[in-house]
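Beneath this line is the structure, given in structure tokens, with notes to follow.
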Amino acid sequence: MKPRILFNQLDTLLAHVAERFIEFHIIYNHAKRHHQREIDELVKINKEIINTLYEINFSDENIKKLKATSEFWDSVQSNFSYDRILNPKLLSKYEQERHKRLMPFIVNYKSNPEFINKINGILANFPHRFWLRIADIVNIVTPEHFLEKVNALNDFQRIQRSIRADYETQSISVAFDRSHTELAPVSDALSFYPEKIRPGIFYIYPENDELRHLSTLAITCHYGANKDDIQEALDEYEYQFEKFRNYYHMNSNDFIEATELEKLRPLLKRNFNKNKYVKRTVNIEQPILALICWEKINLHGIETNKAISSALPEGYTSNDFTSLKNKLLLISTAIDEWDQYYNEMNCL
């Protein structure tokens with residue numbers, strides 16, 4: 001049996017979540033610099049989808065719980081659901097009815113010739129789709145918002161450690177129970193973990209005449225796929241397989257932890273030395289501030305020193321300024337490397 005995930009492992013999870021957040025935003029910022037129009041069009045379509053769901057009596061709560069827009073975009077982009085609900089059989093009767101209506105809605109909407117022409121035109125000019133999941137783009141969490149979540153979690157942890165002797169040995173899953181509103185900072189900080197779309201690596205449902213439809217889930221790797229990407233995908237396969245099994249073939253939820261935590265479980269065995277931006281939780285703030293500075297400089301035309309000064313808290317020291325400037329250089333270099341990479345692939 002898998003071990004429980006405890007609060008004494010929360011810092012490890014948060015550091016890896018922050019690393020992935022930064023990796024995602026480096027590619028996303030590159031996309032914004034070169035393809036803002038396509039991003040705006042995707043966001044606009046997403047709003048149109050939500051409005052159409054309203055018209056057939058889907059509420060905001062329905063859309064959120066059924067992960068309706070994520071299901072739609074995954075169906076369009078990869079024909080594999082990265083973010084589906086765990087098990088339709090665990091829904092209420094009303095929610096099951098809504099869920100049954102969602103699938104035909106997705107099929108009909110994405111089969112509409114007008115939509116096909118529109119989305120094909122957008123994606124033809126948006127090469128970042130090979131690295132960024134559209135569902136994450138349209139549900140983006142900004143660096144400012146993410147930093148607020150991290151700070152709220154750090155405050156929460158300081159308080160809990162001072163008043164509860166058993167805090168570190170409790171399961172984090174309780175934080176994902178909606179009735180525990182006081183634990184919201186935990187789930188908030190861990191909730192946006194963008195999928196890593198890896199070129200040449202795909203999930204597929206193999207067809208076999210001897211097996212009924214959707215009996216198996218496979219992962220395929222192109223011969224030219226990156227070896228590190230392959231290893232990461234293999235680490236994540238167990239989670240995707242368990243979710244696939246629960247969704248299509250079970251009448252219960254056999255995950256030990258909350259689904260959001262099971263998704264992050266592979267991070268617990270990932271070596272911090274492989275992280276480029278966040279080696280431990282005390283390193284989180286500066287690279288996030290560097291992302292904020294980069295946007296101010298490159299997307300809003302603010303002068304570098306002014307952008308750095310505006311991002312730092314009041315009373316900052318010259319060392320704080322220099323440290324953030326160095327982190328900004330690291331982030332800027334990473335984004336510029338995407339320019340070189342894209343030019344080599346004739347994407348720009």
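Does LEU86 qualify as being in the same structural domain as GLY200 (by TED's automatic domain parsing), surrounded by fewer than 18 Cβ atoms within 10 Å (Cβ to Cβ) and modelled with pLDDT under 95? No; evaluated as a whole, the condition is false for this residue.
Taking (1) of a type in the set (A, V, I, L, M); (2) farther than 24 Å from PHE255 by Cβ; (3) in a helix (DSSP H, G or I) in turn, VAL174 satisfies each apart from (2). Among residues of the stretch 177-232 being among the aliphatic types (A, V, I, L, M) and in a loop (DSSP other than H, G, I, E, B), the one that is modelled with the highest pLDDT is LEU217. Scanning the stretch 248-265 for residues that are surrounded by 13 or more Cβ atoms within 10 Å (Cβ to Cβ) and either at pLDDT 90 or above or assigned to a helix (DSSP H, G or I) (or both) gives TYR248, THR259, GLU260, LEU261, GLU262, LYS263, LEU264, ARG265. With respect to being touching a Lys or Arg at 6+ places or on another chain (Cβ under 8 Å) and at negative phi, LYS196 fits the description. Residues in the stretch 178-204 that are free of Cβ contacts under 8 Å to residues at least 40 places away in the same chain and either polar (S, T, N, Q) or not assigned by TED's automatic domain parsing to the domain that holds ASP74 (or both): 9 in all. Applying the criterion of at least 2 residues that are touching a residue at least 60 places away in the same chain (Cβ under 8 Å) to the helices (runs of 4 or more DSSP H) found wholly in the stretch 1-115 leaves 10-55, 68-77.
Out of ASP229, ASP209, one residue alone is exposed (fewer than 13 other Cβ atoms within 10 Å of the Cβ), without any contact (Cβ under 8 Å) to a residue 60 or more places away in the chain and over 30 Å from LYS44 (Cα atoms). It is ASP209.
Okay, residues lined up against (1) outside any helix (DSSP H, G or I); (2) surrounded by fewer than 19 Cβ atoms within 10 Å (Cβ to Cβ); (3) at pLDDT 90 or above:
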position	(1), (2), (3)
TYR237	no, yes, yes
ASN246	no, no, no
LEU267	no, no, yes
GLU314	yes, yes, no
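Scanning the stretch 263-297 for residues that are in contact with an Asp or Glu (Cβ under 7 Å, 6 or more places away or on another chain) and without any contact (Cβ under 8 Å) to a residue 60 or more places away in the chain returns a single hit, PRO266. Residues in the stretch 124-161 that are exposed (fewer than 14 other Cβ atoms within 10 Å of the Cβ) and either touching a Leu at 6+ places or on another chain (Cβ under 8 Å) or among the small types (Gly, Ala, Ser) (or both): ALA124 only.
The values are calculated or read from the model by the stated rules, or taken from the named source; none is laboratory data. Please read all numbers here as calculations on a predicted model, not as lab measurements. Please note: Cβ atoms are built from the backbone with ideal geometry, for glycine as well, and neighbour counts cover all protein chains shown.
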